[in-house]
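K.L.:
Take this structure first; my questions come after.
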Amino acid sequence: MKSLERYAVVSCHVERPLDDRVWAAFEQLLVRRPAGFVVTPLLRPPHAASGENEERWLERARRAAELAPLGHHTHWGGPTQARPLDGVDAAGLVHREAAWLRERGLAPRFFCGGGWYLDQGVAETLASFDYVDLTATTFRQSYLGPDARRLQLEGPRRLRLPDGSMLLELPATHSLGMLGRDFFRLRGEVHVHFHDWELLDRRRALALRALLRLLRRRRQPVSADELAERAAAAPELHWDEASRIGR
């Protein structure tokens, strides 16, 4: 979409929000808005079976929501298992987490599936909660097999799902490393993603800030909210067709 080509957005998969060192670094980043970028925090909800503290998590999620448009990041097997294992009701878990968040006064607008997992049931669940989805990518992940459930799109699309609902997709275009390698070959709208724990690596943290300063020279920073509004008229694509791209 030519109307989006001059914009850039940044999102973070917040996978360790209860790690004090990780959280301190990430909160600082949210406050500082490097190079004017409002980083979208996609928070993984607490995993009760792992003993994660719900009250502390809620305190930090509310703080994140004060600083940027809030997002939801699901891991289907706890802190270290991103994609669902066999027998897991992927859509059911997303539904339970989304309901749990809203019962506690949080209403994240954005979602990203752990390990880039997305299937039809999850997509329809996201639409039922009026999410904007950030799970799609414009590239194939080398560690995922050819039959792995995922979604690859050329750019923002409105997905027409089999149940008749619509889901707006804002695909990620670059990891931090990809942005560095492809910087002089950027095409179209840019959506950079990274993980909160990367901020504990001094070299990666410095690289993030430096690359965002450079990116600002080539793209206008916008928040995920702003990009979603600008992409509201993105081309429509049926789920069946979208799910075949990149296979």
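The values are calculated or read from the model by the stated rules, or taken from the named source; none is laboratory data. Not measured: the values here are computed from a predicted model. Because the Cβ atoms are built from the backbone with ideal geometry, glycine has one as well, and the counts that use them run over all protein chains shown. All accessible areas refer to the heavy atoms of the entire protein, side chains included, with ligands and DNA or RNA removed. Shrake-Rupley method; radii C 1.70, N 1.55, O 1.52, S 1.80 Å.
K.L.:
Among the residues of the range 176-193, write down those that are in contact (Cβ under 8 Å) with a residue 12 or more places away in the chain and of a type in the set (Asp, Glu).
P.N.:
Matches in the range 176-193: Glu189 only.
K.L.:
Does the range 159-192 hold any residues that are of a type in the set (Gly, Ala, Ser), part of a loop (DSSP other than H, G, I, E, B) and farther than 18 Å from Arg230 by Cα, and which are they?
P.N.:
Gly164, Ser165
K.L.:
How many residues does the range 71-88 hold that are open to solvent by less than 20 Å² (accessible area, probe 1.4 Å) and either hydrophobic (A, V, I, L, M, F, W, C) or modelled with pLDDT of 95 or more (or both)?
P.N.:
6
K.L.:
Sticking with this structure for a sec: So Trp100 ticks every box in (1) open to solvent by 10 Å² or more (accessible area, probe 1.4 Å); (2) touching a residue at least 40 places away in the same chain (Cβ under 8 Å); (3) outside any helix (DSSP H, G or I) but one. Which box is left unticked?
P.N.:
It is condition (3) that Trp100 fails.
K.L.:
In the range 89-134, which residues are hydroxyl-bearing (Ser, Thr, Tyr) and more than 18 Å from Pro79 (Cα to Cα)?
P.N.:
Scanning the range 89-134 gives Thr125, Ser128, Tyr131.
K.L.:
Still on this structure: Could we say that Gly36 is small (Gly, Ala, Ser) and either in contact (Cβ under 8 Å) with a residue 12 or more places away in the chain or farther than 24 Å from Leu18 by Cα (or both) here?
P.N.:
Considered against the rule, which asks whether it is small (Gly, Ala, Ser) and either in contact (Cβ under 8 Å) with a residue 12 or more places away in the chain or farther than 24 Å from Leu18 by Cα (or both), Gly36 comes out as yes.
K.L.:
Looking only at the range 134-158, how many residues end up being open to solvent by less than 10 Å² (accessible area, probe 1.4 Å) and within 19 Å of Arg230 (Cβ to Cβ)?
P.N.:
Residues that pass the stated criteria total 5.
K.L.:
Same structure, new question: If we keep just the residues of the range 23-50 that are hydrophobic (A, V, I, L, M, F, W, C), at pLDDT 95 or above and in a helix (DSSP H, G or I), which is farthest from His72 (Cα to Cα)?
P.N.:
Ala35
K.L.:
Check Thr125, Thr173 and return the single one that is free of Cβ contacts under 8 Å to residues at least 60 places away in the same chain, within 27 Å of Ala99 (Cβ to Cβ) and in contact with a Gly (Cβ under 9 Å, 6 or more places away or on another chain).
P.N.:
Thr125
K.L.:
From the list Glu55, Glu66, pick out the single residue that is modelled with pLDDT of 95 or more, assigned to a helix (DSSP H, G or I), out of contact with any helix residue (DSSP H, G or I) (no Cβ under 6 Å at 6 or more places or on another chain) and over 22 Å from Ser11 (Cα atoms).
P.N.:
Glu55
K.L.:
With of a type outside the set (A, V, I, L, M, F, W, C), buried (at least 19 other Cβ atoms within 10 Å of the Cβ) and out of contact with any Asp or Glu (no Cβ under 9 Å at 6 or more places or on another chain) as the only criterion, which of Ser50, Ser11 stands out?
P.N.:
Ser11
K.L.:
Being without any contact (Cβ under 8 Å) to a residue 12 or more places away in the chain and either outside any helix (DSSP H, G or I) or among the aliphatic types (A, V, I, L, M) (or both) is the filter; apply it to the range 194-232 and report the residue that is surrounded by the most Cβ atoms within 10 Å (Cβ to Cβ).
P.N.:
Ala210
K.L.:
Which one is farthest from Val222 (Cα to Cα) among residues in the range 20-44 that are among the β-branched types (Val, Ile, Thr) and open to solvent by less than 10 Å² (accessible area, probe 1.4 Å)?
P.N.:
Among those residues, the one meeting the criterion is Val22.
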